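First comes the structure, then the notes that go with it.
None of the figures in this text is laboratory data; all of them are computed from the coordinates on show. A quick note: this is a predicted structure, and the numbers were derived from the prediction, not measured. Virtual Cβ from ideal backbone geometry, glycine too; neighbours counted across all protein chains shown.
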Amino acid sequence: MERLQKILAQAGVASRRKCEELILAGLVEVNGEKVTTLGVKADPATDVITVKGKPIRGEQKLYLMMNKPKGVITSASDPQGRKIVSDFLPDIKERVYPVGRLDYDTEGLLILTNDGEFANLLTHPSHHVPKTYLATVKGVPHGTALEKLQKGIKLEDGMTQPAEVEYQDVDPEKKQATIMITIYEGRNRQVRRMFDAIHHPVTRLKRIRFGELGLMNLQRGKYRHLTPKEVQELRDMAVKTHKVQK
């Protein structure tokens, strides 16, 4: 049983707040009875729910992978009018949301879904699903600096967990290096802050892997549906890492 406004929102009727307004306006019925108060629960699998006389359709679970471009917001809307991820999903009618976030200046692999249980499984702090990035940084960090990231480094919100790091490319002319880094947490702007802590700020950041799911050749700004096998592998990894940490 779920709250009626949540069921309506998940079915793509409107936002949660707008669905509450529809209920209060007496435009929603459950099994032929008008509902005008919030807090009423229903079962979308067995109850007949209508809005303005039309039955809602059952929610189809979606699992998408997108190659998010730099300069795109991972939010449902942006008051500044900047591009948001849903702008790149013109064929998706269901309301999907990002699993975790990539900040405005970060590009790469972003998972989107309307499956709350799946999203929570992948992002819960107790489930240490690895995420791999390519970080282009100013200067060329010495091995001793990278060792600090490997062992865990102190940030303003505490010590990080050990990370996996390795050189990918060094450009002496531009005085920069590209480092592949895998982290097992999901703190805000964590990779950028880790490199700031060793005095090699990030100039470009791209996530290339989430668990065993790789970005591969997915073009920037494009998306694809995950296969059932990929979804299950992500679930299995989250459960596995949770058990290992216990």
Inset, instruction - Please report, in debye to the nearest 20, how large the charge dipole of segment 132-246 is about its Cα centre when each Lys and Arg carries +1 at its beta carbon and each Asp and Glu carries -1 there. - result: 360
Inset, instruction - For segment 1-66 and segment 138-190, write down the distance between their C-alpha centroids in whole Å. - result: 46
Inset, instruction - For segment 87-246, calculate the relative contact order in percent as a whole number, restricting contacts to Cα pairs under 8 Å that are 6 or more residues apart. - result: 31
Inset, instruction - Mind putting a number on the dipole of the chain about its Cα centre? Charges go on the C-beta only, +1 for Lys and Arg and -1 for Asp and Glu, and I need it in Debye to the nearest 20. - result: 320
Inset, instruction - Taking H placed 1.01 Å from N in the peptide plane, check which residues at least 5 places from residue 63 or on another chain put their amide H under 5 Å from its amide H. - result: 226
Inset, instruction - Return the distance in nm (one decimal) between the two label points of a simple spin-label model at residue 52 and residue 167, each offset 7 Å from Cα along Cα→Cβ. - result: 6.3
Inset, instruction - Please give the net charge around residue 199, taking every other residue with its beta carbon less than 15 angstrom from that of residue 199, where Lys and Arg add +1 and Asp and Glu add -1. - result: +4
Inset, instruction - Using per-residue counts of other Cβ atoms within 10 Å, averaged over each peptide, order 196-204, 43-51, 126-134 from highest down. - result: 126-134, 196-204, 43-51
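Quote the FRET efficiency, to the nearest 0.05, computed for residue 76 versus residue 104 with a Förster distance R0 of 25 Å and r equal to the Cβ-Cβ distance. Provide the component values of the computation, followed by the final result.
Values: r = 15 Å, r/R0 = 0.60.
The calculated FRET efficiency here is 0.95.
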Inset, instruction - Taking H placed 1.01 Å from N in the peptide plane, check which residues at least 5 places from residue 40 or on another chain put their amide H under 5 Å from its amide H. - result: 4
Legend entry - Karplus (6.51, -1.76, 1.60) ³J(HN,Hα), θ = phi - 60°, over segment 79-92, in Hz, Gly and Pro reported as x: x, 8, x, 6, 5, 10, 4, 5, 5, 9, 10, x, 8, 9
Inset, instruction - State log₁₀ I(q)/I(0) for segment 43-167 at q = 0.16, 0.18, 0.23 Å⁻¹ as given by the Debye formula over alpha-carbon point scatterers of equal weight, solvent excluded. - result: -1.00, -1.15, -1.35
Inset, instruction - Report, as a whole number in µm² per second, the diffusion coefficient that Stokes-Einstein gives for the chain at 10 °C and 1.306 mPa s using the Kirkwood radius over alpha carbon pairs. - result: 79
Inset, instruction - Mind listing the long-range amide H neighbours of residue 179? Cut-off is under 5 Å, sequence gap 5 or more, other chains count too, H placed in the peptide plane at 1.01 Å from N. - result: 135, 136, 137, 168
Inset, instruction - Take the Cα pairs of segment 18-101, get the Kirkwood Rh, then feed it into Stokes-Einstein at 4 °C and 1.567 mPa s and tell me D in µm²/s. - result: 84
Legend entry - Debye, to nearest 20: dipole size of segment 86-193, +1 on Lys, Arg Cβ, -1 on Asp, Glu Cβ: 420
Inset, instruction - Determine ³J(HN,Hα), in whole Hz, for all residues of segment 114-121 in sequence, where each value follows from phi through the Karplus function 6.51 cos²θ - 1.76 cosθ + 1.60 and θ = phi - 60°; x replaces Gly and Pro. - result: 10, 9, x, 5, 5, 4, 5, 4
